[in-house]
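Here's the structure, in structure tokens; my notes come after.
The values are calculated or read from the model by the stated rules, or taken from the named source; none is laboratory data. Everything quoted here is computed from the prediction, not taken from an experiment. Positions of Cβ are backbone-derived with ideal geometry, glycine not excepted, and every protein chain shown enters the neighbour counts. Ligands, DNA and RNA are stripped out before the accessible areas are found, and what is left, the full protein with its side chains, is counted by its heavy atoms. Shrake-Rupley method; radii C 1.70, N 1.55, O 1.52, S 1.80 Å.
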Amino acid sequence: MCPNSKYFVFQEEFYLVKWRSFPESDNTWEPKRNLKCSRMMKQFHRDLDQVLRRHGRHYIPKKLNKEVTSFLVQKAKVRQSLQRWENHLNQTRNHPGQIFVDEVDLEGPPKNFTYINNYKVGPGIVLDEMAVGCDCKNCLDEPVNGCCPGASLHRMAYNDRGQVRLRAGEPIYECNSRCSCGPDCPNRVVQKGIQFDLCIFKTENGRGWGVRTLQRIKKNTFVMEYVGEIITTDEAEKRGHVYDCQGSTYLFDLDYVEDVYTVDAAYHGNISHFVNHSCNPNLQVFNVFINNIDERLPRIALFSTRPIRAGEELTFDYKMQIDPVDTESTKMDSSFSLAGLPSSPKKRVRVECRCGSNSCRKYLF
């Protein structure tokens, strides 16, 4: 052996691979050169970098311990689970806007939640359809007798760009299934559904899930409806006590003219189920009437209060406050006095607000 000779030991990276459609018992160790899935490799190393930083390591060890590998496996399984949920949401939605889901931690999709596009009517509740429609040829420029809003002695809600021009608290009357105008009528906005691509994501400050827009939204633009199961206020009171013990509620009172019905989005709802509260929100509530003539059962629509940037979280003001007259009850006022009010069960403890706005009231109620 020549004393000046140098010997190199070649070390190669191996990865344990879970093959699609095969059980984990068929997993195999593969050298890096055999793997052609560059996107998955980049994601794996992002996850690895995350867990190593958490443990204060700044280099990749030769062999990963059980704690690290357990995290990587859980992360991959959660990501797959969220991807399946995202696919299901997009197969279920009936609106143009797509739904995306981002992962942050090791929590998978919410359990016992069913995505719906329209109200789910509870037992004993009937939605009465409109008896008449408009005869307009051009509802915006040449409304006959004021079109559908005029029949209820109200103004047209939208301008020629589909933006709401009413004051907060005024109801919106859209054209309905009995109207002579077509689907492109400018007085059909809410009924066309969500137009923007939205993303459900896990917040990092303890507020649970949230929703952000992936597209820019102009001021006074319809964004989404608050959808859920319609129940009586008596039933809402019962459910409210249960939700109180769970530390959350998705009850929204429909008290535009009379406090009789409530929307419960806890287990049946659309993407609004995941929208968080803010004391300085970018969404505002309006009551909307389309095919239903019962003013006790409006549709609850959320419109933008200002221009919203792509990537910005969407929020509305729950505005839960102690009723000064009855100290035993609490209610959640919306952003104005005449719109549908999110409800809140009785005898609740104060909940800290984490919206982070400069005008934060510090507590939800």
### Summary
Of the residues in region 143-154, those that are surrounded by 14 or more Cβ atoms within 10 Å (Cβ to Cβ) and not in a helix (DSSP H, G or I) come to 143, 154
### Query
What tally of residues in region 44-63 results from selecting those that are in contact (Cβ under 8 Å) with a residue 12 or more places away in the chain and open to solvent by less than 50 Å² (accessible area, probe 1.4 Å)?
4
### Query
Looking at (1) over 30 Å from residue 217 (Cα atoms); (2) hydrophobic (A, V, I, L, M, F, W, C); (3) in contact with a strand residue (DSSP E or B) (Cβ under 6 Å, 6 or more places away or on another chain), can you tell me which one residue 51 breaks?
(3)
### Cross-chain or 6+ apart pairs with Cβ under 9 Å, region 15-36 first and within 21 Å of residue 60 (Cα to Cα), then among the charged types (D, E, K, R) and loosely packed, with under 11 Cβ neighbours inside 10 Å
15/32; 31/12; 32/12; 33/12
### Query
Out of all the residues in region 241-292, which are acidic (Asp, Glu) and touching a helix residue (DSSP H, G or I) at 6+ places or on another chain (Cβ under 8 Å)?
253, 259, 264
### Message
For region 260-273: of the residues being open to solvent by 10 Å² or more (accessible area, probe 1.4 Å) and not in a loop (DSSP other than H, G, I, E, B), which is farthest from residue 210 (Cα to Cα)?
### Response
261
## Note on the structure
So, first residue under 25 Å from residue 159 (Cα atoms) in region 116-142, second residue among the basic types (Lys, Arg), Cβ within less than 7 Å, six or more apart or across chains; the pairs are 130/178; 132/178; 133/178
### Task
Go through region 245-259 and count every residue that is of a type outside the set (S, T, N, Q), surrounded by 11 or more Cβ atoms within 10 Å (Cβ to Cβ) and within 21 Å of the chain's Cα centre (by Cα).
5
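Just give me the residues in region 114-166 being aromatic (Phe, Trp, Tyr) and touching a strand residue (DSSP E or B) at 6+ places or on another chain (Cβ under 7 Å), in sequence order.
Going through region 114-166, the residues aromatic (Phe, Trp, Tyr) turn out to be 115, 119, 158.
Matches in region 114-166: 119, 158.
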### Query
Of the residues 140, 89, 52, 72, which is touching an Asp or Glu at 6+ places or on another chain (Cβ under 8 Å), part of a helix (DSSP H, G or I), on the phi < 0 side of the Ramachandran plot and of a type in the set (A, V, I, L, M)?
72
### Query
Of the conditions (1) in contact with a Gly (Cβ under 8 Å, 6 or more places away or on another chain); (2) open to solvent by 10 Å² or more (accessible area, probe 1.4 Å); (3) under 25 Å from residue 97 (Cβ atoms), residue 277 fails just one. Which one is it?
(1)
### Qualifying residue in region 107-120 (condition: open to solvent by 60 Å² or more (accessible area, probe 1.4 Å), under 19 Å from residue 289 (Cα atoms) and among the charged types (D, E, K, R))
yes
### Task
With the condition kept exactly as written, say whether any residue in region 81-94 is within 25 Å of the chain's Cα centre (by Cα), closer than 22 Å to residue 186 by Cβ and at pLDDT 95 or above.
yes
### Every residue from region 167-222 that is open to solvent by 60 Å² or more (accessible area, probe 1.4 Å) and within 30 Å of residue 257 (Cβ to Cβ)
167, 177, 178, 180, 183, 191, 192, 195, 219
